[in-house]
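Enquirer: Would you mind keeping the following structure in view while I ask a few things?
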Amino acid sequence: MTAVSLQRVSKVFPGTDGSPFPVLEETSLEVPSGSFTAIVGPSGCGKSTLLRLVAGLAPVSAGTVTINGALVRGVQNTIGFLFQHDALLPWKTTFDSVALGLRFRGVREEEVRERCQDWIARVGLKGFERHYPAQLSGGMRKRAALAQMLVCDPDLLLMDEPFASLDAQTRVLLQQDLLLLCGGGTKTILFVTHDLEEAVALADTIVVMRAGPRSGVKATYPTGLPRPRDVLQVKSHPRFAALCRMVWRDLAEEVTKIYGDRDAIPSWNI
Ligand SMILES: Nc1ncnc2c1ncn2[C@@H]1O[C@H](COP(=O)(O)OP(=O)(O)O)[C@@H](O)[C@H]1O
Ligand SMILES: [Mg+2]
């Protein structure tokens, strides 16, 4: 089963001088149900744009995007979306933030309480239900956002560099949480990251995008790394470094197109 399908999708934005700026051109991608796909590509190539098209937050200029076979038209409210920046409302407590989606869907309050308490505990925030975002650390806010997304039990999760702003230890803990909470093949995850090691450690498939403009999928690599997985232990898997090297070679070529100087691009030497 295919969860997400992009067929020859193009996206053109108006440039600053009014002339069309083609970000994506004839991009095709198939994401199987229950898989974890990481998207990497040079900065500005259109990774966030691609996720926004899948979420229906922006319309395609040409081509089609489907979710479970249904054409995406307008905002998809049955999928989960996690952004790089906190999407928590400053005036809502952890509990009310997590409850937002369920209340919006008209779930009765008793069930809202039960499901929110369950997810708040699962992301390690028990005792912080009444805290406001400003009273939480960056990692805790990210956990709250994760619970906010998962409490509605979406089948498809779109994540746009969700852990990019976190310190290294918190990041590893959250990566592991993500694998434990939804890495079991029941959710389809489309995960944008600029961090190649993160992509290889978490995903089943790595999609490399070309440098823009007119970006698209350059290559797709199935990693074949075992599951269940520990984000730190998987880095000592015999194939981990080779996978990073292989994908980096492809990615470095695209990065070179932006920075120009090949000598300035480091090689992967782990
Ligand atoms: N709403 C918009 N209007 C005009 N240009 C945009 C808009 N959103 C993104 N872009 C342009 O599209 C390109 C890709 O952006 P983005 O998808 O955010 O890249 P990435 O996430 O890969 O870093 C960039 O050149 C950016 O300036
Ligand atoms: Mg982006």
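Enquirer: Just to confirm my numbers, what's the Cα centroid distance between region 1-27 and region 102-143 in Å?
Expert: 36 Å
Enquirer: Please report the carbon-and-sulfur percent of the accessible area for the chain; probe 1.4 Å, protein heavy atoms only, DNA, RNA and ligands left out.
Expert: 53 percent
Enquirer: Cα atoms only: what Rg and Dmax, in Å, come out for the chain?
Expert: Radius of gyration, then largest Cα-Cα span, for the chain: 19.0, 61 Å.
Enquirer: How do SER236, SER10, SER61 stack up against each other in accessible area, from largest to smallest, with a 1.4 angstrom probe?
Expert: Reading off the accessible areas and sorting them downward yields SER236, SER61, SER10.
Enquirer: One-quarter of the Cα convex hull surface for region 50-180, in nm²?
Expert: Working: hull surface 34.9 nm².
Reported value for the Cα convex hull: 8.7 nm².
Enquirer: Nearest 500 deg cm²/dmol is fine: what mean residue ellipticity at 222 nm does the chain get from its DSSP H runs of n ≥ 4 alone, each adding -39,500 (n - 2.57), divided by its residue count?
Expert: Theoretical 222 nm ellipticity from helices: -10500 deg cm²/dmol.
Enquirer: Report the calculated FRET efficiency for ASP167 and ALA219 (r = Cβ-Cβ distance, R0 = 35 Å), to the nearest 0.05.
Expert: Calculated value: 0.65.
Enquirer: For region 116-270, report the translational diffusion coefficient in µm²/s to the nearest whole number, using Stokes-Einstein at 20 °C, 1.002 mPa s, and a Kirkwood Rh over Cα pairs.
Expert: 125 µm²/s
Enquirer: If the cut-off is 15 Å between C-alpha atoms, which aspartates and glutamates fall inside it for LYS92, apart from same-chain ones fewer than 8 positions away?
Expert: Those aspartates and glutamates meeting the cut-off are GLU129.
Enquirer: Return the Cα extents of region 1-92 along principal axes one, two and three, sorted largest first, each rounded to a whole Å.
Expert: That works out to 40, 39, 26 Å along the principal axes.
Enquirer: Among the listed pairs LYS11/LYS47; LYS47/LYS235; LYS218/LYS257; LYS187/LYS218; LYS142/LYS218, give every one whose C-alpha distance is greater than 22 Å. Please report the intermediate quantities before stating the final value.
Expert: Numbers: LYS11/LYS47 12 Å; LYS47/LYS235 25 Å; LYS218/LYS257 14 Å; LYS187/LYS218 25 Å; LYS142/LYS218 31 Å.
Beyond 22 Å: LYS47/LYS235; LYS187/LYS218; LYS142/LYS218.
Enquirer: Rolling a 1.4 Å sphere over the protein heavy atoms, what is the accessible area per residue of the chain, to the nearest Å²?
Expert: The answer is 48 Å² per residue.
Enquirer: On a 0 to 90 degree scale, rounded to 10, what angle separates helix 138-150 from the longest Cα axis of the chain?
Expert: Once rounded, the angle reads 80 degrees.
Enquirer: Follow-up. Please state the charge dipole magnitude for the chain, taken about the Cα centre, from unit charges on C-beta atoms (+1 on K and R, -1 on D and E), reported in debye and rounded to the nearest 20.
Expert: In debye, rounded to 20, the chain gives about 180.
Enquirer: With a 1.4 Å probe and all protein chains kept in place, how much accessible area does LEU179 have, in Å² rounded to the nearest 10?
Expert: Probe radius 1.4 Å; accessible area of LEU179 about 20 Å².
The values are calculated or read from the model by the stated rules, or taken from the named source; none is laboratory data. Everything quoted here is computed from the prediction, not taken from an experiment. With ideal geometry, Cβ positions are generated from the backbone for all residues, glycine too; neighbour counts draw on all protein chains shown. Ligands, DNA and RNA are excluded from the accessible area calculation, which covers all protein heavy atoms including side chains. Shrake-Rupley method; radii C 1.70, N 1.55, O 1.52, S 1.80 Å.
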